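**Q** Here it is, the structure, as structure tokens.
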């Protein structure tokens, strides 16, 4: 019987061959995408599980390695800089290096080595003493894009620097990412959002034209085949299609993989070797998918009665009941509470809104078939042409199947839209489109431990003697304007408080202020003023803009001689990216004076770093939504092809009786595109509406809500368009199989 | 007066010659039974007469229009407006209700929805299908489904009805009832009928019979 099943599947004529090819193609697309998701997930897990040598902080009196780690910036990207000196041959080494560099040597990550070879020396190369001795291996880097450098220093040079540690062990634990759980959740959510339409696609493909197959099985029953034999033949048919599809999927994955290694899913690329679904993924694709196809096929055979006299006659399945709408209504009821409540009372406690989000999403999935039935019946009632009637009745006839085809899409778009709406609020209403007059101004804070007043004799910023050469060197770079901020003198305590607290105030020279007028204008006759600079330490350009100008006519004048005050911060405006890097190169010589928590960055770069999470999530959501739409489009295309094959007889007769193919095309397009568009629009609308009270609760009080990025909507639109094109591309099959020349009805 | 004439039709499918010079005619209001053994070419003849196939040679005239010279689009339009069809089975759209199925040709022809459904509903008493307008195909018996098919074929008011083994899937009693209905209705409507069958009892309902053998019309008998 197995051989007979193989014979029927492989040599069952043109229709069987076409069905096999279409099934294999659909399963192949599904498996290819599934392996891609698994591969990216594995790469992410490998990247975040790497030891965080940069996080080493535990000093040891008998350590064999001097360790001084800080961070620099180039073109908005962080450079991880480690200065080391080995005290004995047994000194530990970071992953990716065979041994630590000798003095006047350094090892750089491949990305940084490439930059060092091309960037002008005064913009980058001059920051690092010594010569390149080699590159850091992948074991010590999360990404091939990572910028890292390990510099060998003489022992004496490192010993004298502040923040130098003597260590015996380098941290082997991974970085404690506050976002890793979120990403894991995101990947899991994305995988589910992708998995559902993928399984629908594979299931639809293996069930393609089942009606036609079932007629064949009925003929076999007539000549004495048992139910077991029919099941065997049917399973073999499904397994062959799925297995060929799985092989094809491996091929698709092999083609897609180079593209995946260029994909900056989380803002950086993964190592190509680490993008792999692992052996289990491959085994699963080759074994689990055909097995699942066989089980799905057997399950579907249970739903129809195949007797020797034919397939049990078609009877409309029972309509979905109203009870399916109850969870949705309950969720909407809960949703009304936070929606109608006073926004102030909800701030920072969106519990009910989150609950309603979850309940409505689940409710919509349960109510989907019922809503589809109601909508299709409405369409049938009001449809004016025959095409509309055919499409509406087809949808209303089996709303469960109609909704199943788009259920994954509904879930993905709903979750995606809600996330894309909530995340900007969760990251303090970060709006990446915001700009500021200070966006290109660099600020660097000098090591002063705390912004509060320092105890006597404690160094709090650069002394006038130390600050003078820094200011001179930066001022000597063409295209720069430097504005130092000074710690107030004890005499300034007598002045009216300008900030929220005493430690948040600085002194600024009115002469310097004129070079950077965006900060403000001094009162007339003042030479120095007290200014509240606490709001300057923000990573949100919108909040920064709210505080500008820092200096107005109301700021109290001081009698300070700024030449005698400690410099706490520098604000440097530059006229180009090259000038900015030259300034950072100068500052790199004072790296140990710079507050370890404050790398020299422009306000725009700080804001962009803050917005990174938002952008990464936005990117991930956009990719998932786009891919899901495509998968849903493919699934619908398969459903269309299968549906057309199953309705060959009535459709051909309609053509015989004078119906032009255009009318049939319209009917098929309507029954396909309509649910796709409706499901996308409804899911996006519901996601957006449900996210509103949550976003409102999470957003800072004075900032407007940020809607999902335009790219998200563009992706939805493009995904719909591509899906429509895929479905339209299947329509010629309708013309061919219903050709009147092939009509035989006796 | 002839409404449909075929002259020296030939039609081949690959090496198989289905029609080899078939000639016949159909009078206005006449029911013509086309008989013959399996493989004789009677269905191919029907398809050529209805403009479903273009013959390889010969001519088909319908009301002085040469069907064999029309484009596929023109023949499609003619089938929609002037011809009706009843086949053995599988002609109803399974998702549609009985009334939907009968209204469908009207809707596809651009008739307003309300008018289309009113005209479709009016057929149910005539077809003996009172109260079954909301049933789907799977919920109808074979005889009921075939009556719906008759209604659907005649609802547009065709000049010629082509019926290919219309009772082939029915038991004799049901088939007899369907034929009675069909004959009564076409007579009332003044519709001409080309009835392909190999069943002498069905052919007995026709005004005239022709026999097809080896792709030729070899005899004509007035019933």
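The values are calculated or read from the model by the stated rules, or taken from the named source; none is laboratory data. Computed from a prediction, not measured in an experiment: that's the story for all the values here. Here the Cβ positions follow ideal geometry from the backbone for every residue, glycine too, while neighbour counts run over all protein chains shown.
**Q** Could you check the range B:112-134 and list, in sequence order, the residues that are surrounded by fewer than 18 Cβ atoms within 10 Å (Cβ to Cβ) and part of a loop (DSSP other than H, G, I, E, B)?
**A** Hits for the range B:112-134 are B:112, B:128, B:130, B:131, B:134.
**Q** Quick one: how many residues across the range A:30-74 are farther than 25 Å from residue A:631 by Cα and over 16 Å from the mean Cα position of the chain (by Cα)?
**A** Adding up the residues that qualify gives 27.
**Q** May I ask you to say which residue of A:301, A:265 is surrounded by 14 or more Cβ atoms within 10 Å (Cβ to Cβ) and either modelled with pLDDT of 80 or more or in a helix (DSSP H, G or I) (or both)? Spell out how you get there, then give the answer.
**A** On the way: A:265 fails: either modelled with pLDDT of 80 or more or in a helix (DSSP H, G or I) (or both).
Result of the check over A:301, A:265: A:301.
**Q** Moving on to the next point. Please enumerate the residues belonging to the range A:93-102 that are surrounded by 19 or more Cβ atoms within 10 Å (Cβ to Cβ) and out of contact with any helix residue (DSSP H, G or I) (no Cβ under 9 Å at 6 or more places or on another chain).
**A** A:100, A:101
**Q** When you check residue A:633 against the structure, is it in a helix (DSSP H, G or I) and in contact with a helix residue (DSSP H, G or I) (Cβ under 9 Å, 6 or more places away or on another chain), yes or no?
**A** So residue A:633 fits the description; yes.
**Q** Would you be able to tell me the number of residues in the range A:307-329 that are modelled with pLDDT of 55 or more and either surrounded by 15 or more Cβ atoms within 10 Å (Cβ to Cβ) or within 14 Å of chain B (Cβ to nearest Cβ) (or both)? Lay out the reasoning, then the answer.
**A** Narrowing the range A:307-329 to residues modelled with pLDDT of 55 or more: A:316-329.
In the following step, the residues that additionally are either surrounded by 15 or more Cβ atoms within 10 Å (Cβ to Cβ) or within 14 Å of chain B (Cβ to nearest Cβ) (or both) were identified as A:316-320, A:324-325, A:327-328.
Residues in the range A:307-329 being modelled with pLDDT of 55 or more and either surrounded by 15 or more Cβ atoms within 10 Å (Cβ to Cβ) or within 14 Å of chain B (Cβ to nearest Cβ) (or both): 9 in total.
**Q** Conditions first: (1) buried (at least 20 other Cβ atoms within 10 Å of the Cβ); (2) more than 17 Å from the chain's Cα centre (by Cα); (3) within 13 Å of another protein chain (Cβ to nearest Cβ). Residue B:142 passes all but one, so which condition is the exception?
**A** (1)
**Q** Residues A:599, A:573: which one is in a strand (DSSP E or B), in contact with a strand residue (DSSP E or B) (Cβ under 9 Å, 6 or more places away or on another chain) and not assigned by TED's automatic domain parsing to the domain that holds residue A:163?
**A** Working: A:599 fails: in a strand (DSSP E or B).
A:573 is the lone residue from the list that is in a strand (DSSP E or B), in contact with a strand residue (DSSP E or B) (Cβ under 9 Å, 6 or more places away or on another chain) and not assigned by TED's automatic domain parsing to the domain that holds residue A:163.
**Q** Which one of these is outside the structural domain of residue A:290 (by TED's automatic domain parsing), more than 30 Å from residue A:441 (Cβ to Cβ) and assigned to a helix (DSSP H, G or I): A:113, A:98, A:85? If you could, list the steps in order and put the result at the bottom.
**A** Working: A:98 fails: assigned to a helix (DSSP H, G or I); A:85 fails: assigned to a helix (DSSP H, G or I).
After applying the criteria, what remains is A:113.
**Q** Anything in the range A:655-674 that is within 9 Å of another protein chain (Cβ to nearest Cβ) and either in a helix (DSSP H, G or I) or surrounded by fewer than 21 Cβ atoms within 10 Å (Cβ to Cβ) (or both)? List them, or say none. Outline the logic, then answer.
**A** Restricting attention to the range A:655-674, the residues satisfying the condition of being within 9 Å of another protein chain (Cβ to nearest Cβ) are A:655-661, A:663.
Within the range A:655-674, A:655, A:656, A:660, A:661, A:663 qualify.
**Q** For the range B:187-203, which residues satisfy the criterion of being outside any helix (DSSP H, G or I) and surrounded by 13 or more Cβ atoms within 10 Å (Cβ to Cβ)? Step through it out loud before you land on a result.
**A** If we filter the range B:187-203 for residues that are outside any helix (DSSP H, G or I), which is where we start, we get B:190-199.
The answer is B:191, B:192, B:193, B:194, B:195, B:196, B:197, B:198, B:199.
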